[in-house]
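Q: My questions will all concern the structure given below.
Since every read-out is calculated from the coordinates, none of them should be taken as a lab result. Just so it is clear, the structure is predicted and the values come from calculations on it, not from any experiment. Note that we place each Cβ from the backbone using ideal geometry, even for glycine, and neighbour counts take in every protein chain shown.
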């Protein structure tokens, strides 16, 4: 029966990014074991090697991880508390020039500003807000509107306040501890991408599984 001191718990996220081509288990997993002498050796086990050119992303099965550990430590029992499949992405950490950061920031800000402005104007024209405000003003005051009344001012302030409340932050300041709607949608989008990557790898037979090569460019089911 396996001793409790030989029991190793591992946990890996679904999507992991590494910055060097030789990937060890310590780069992609969190581990815990009662025997602290085992962990350093397990963390240094190389599980992947990315080439300088070629595939920069792969799907790694936890069974391949268990197999790699048993090759070096056959008497160790592994219990996985994380994901059954891990997406490993190799990113070469080359910082772009400051000029490109400024250009991308300005472009994103311009697209967001003009896109939002166009959407608001299109909605106002579609429902004819100007005519509606004119009718309301004439109904209440009995006078023709000048086009610049308390209705227009309140409406403009209300749009700005509604956007801030809906997105739950202004700059770096949050109004509540809840995640913003944009963050929620981004997490859902990321989850859909990760699910698709894993399913495509399984369907195409390129997932790195038991008996597969440690080279992602040649990793396939035997």
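Q: Just for the Cα atoms in the stretch 91-211, what are the lengths along the principal axes, largest first, rounded to whole Å?
A: Taking the Cα atoms of the stretch 91-211, the three principal extents are 84, 37, 29 Å.
Q: Could I ask something else about it? Rounded to the nearest 10 degrees, what's the angle between the helix 98-127 long axis and the longest principal axis of the chain, both from Cα atoms, 0 to 90?
A: 50 degrees
Q: Sticking with this one: For residue 119 paired with residue 178, estimate the spin-label separation in nm (one decimal), with each label point 7 Å from Cα along the Cα-to-Cβ line.
A: For the pair residue 119/residue 178, the computed spacing is 1.9 nm.
Q: For labels at residue 34 and residue 136 in the simple 7 Å Cα→Cβ model, what's the distance in nm?
A: 7.1 nm
Q: May I pose another question? Take 189, 155, 90, 9 and order them by how many other Cβ atoms sit within 10 Å, fewest up front.
A: Details: 189 10, 155 13, 90 21, 9 16.
Ranked by crowding around the Cβ, least crowded first: 189, 155, 9, 90.
Q: Let me ask something else. Note the angle between two axes, namely the Cα long axis of helix 181-204 and the longest principal axis of the Cα atoms of the chain, as a number of degrees from 0 to 90, rounded to the nearest 10.
A: 40 degrees
Q: What is the gain in length, in nm to one decimal, between residue 168 and residue 9 on full extension, counting 0.36 nm per residue of separation less the C-alpha to C-alpha distance? Before the final figure, lay out the partial values.
A: Numbers: separation 159, 0.36 × 159 = 57.24 nm, distance 3.81 nm.
Full-extension gain reported as 53.4 nm.
Q: Let me ask something else. Considering only 75, 126, 92, give the residue with the highest GNM mean-square fluctuation for the chain, with springs between Cα atoms whenever their separation is below 10 Å.
A: 126
Q: Would you mind checking the tilt of helix 150-167 against the longest principal axis of the Cα atoms of the chain, expressed as 0 to 90 degrees and rounded to 10?
A: Roughly 10 degrees between the two axes.
Q: Tell me, what is the percent relative contact order of the chain, built from C-alpha pairs under 8 Å that lie six or more residues apart? Intermediate results must be reported in sequence, preceding the final value.
A: On the way: 269 pairs, mean separation 54.6, N = 222.
Answer for the chain is 25 percent.
Q: 222 nm [θ] for the chain, helices only, -39500 (n - 2.57) per DSSP H run of 4+, per residue, to 500? Don't skip to the answer; put the middle values down first.
A: Numbers: 7 runs with 106 residues, N = 222.
Helices in the chain give a 222 nm mean residue ellipticity of -15500 deg cm²/dmol.
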